[in-house]
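Here is the structure we will look at.
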Amino acid sequence: MSADPIPETVAAAPSGVRKGRKFLWTLAALLGVCAVCGWVALGVGLYLEVGKTTRLILAVVAAVATEATFWISAAALGVSVFEARKRIWRKITGRG
């Protein structure tokens, strides 16, 4: 029997959290690269004067990749977006 079992379990918990955060940051970085590639592709498409449908598809892909990057980054930072929105609306409306 170990003399100090509690510190081992406490020490084990943060490493699991770090691994999860590391995964989220890796995912955010990959999505960031996809977003940058999407915007570059849109710029190239505009330069080459591609058709209207192709421009729309390129714009949607770039926008969705950028939005996903923001949401994953917020998750990696631990930001509760909904709680932040609640606080903002309370300040704006004066109900808090």
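A few notes on this one:
- At an R0 of 30 angstrom, the distance between the Cβ atoms of Leu27 and Leu56 translates into a FRET efficiency of 0.65.
- Of the GluC sites (Glu not before Pro) found in segment 38-96, those in coil by DSSP whose Cβ has at most 12 other Cβ atoms within 10 Å are Glu49.
No value in this document is a laboratory result; all are computed from the given coordinates. Please read all numbers here as calculations on a predicted model, not as lab measurements. Ideal geometry is used to build each Cβ from the backbone, glycine not excepted, and the neighbour counts take in all protein chains shown.
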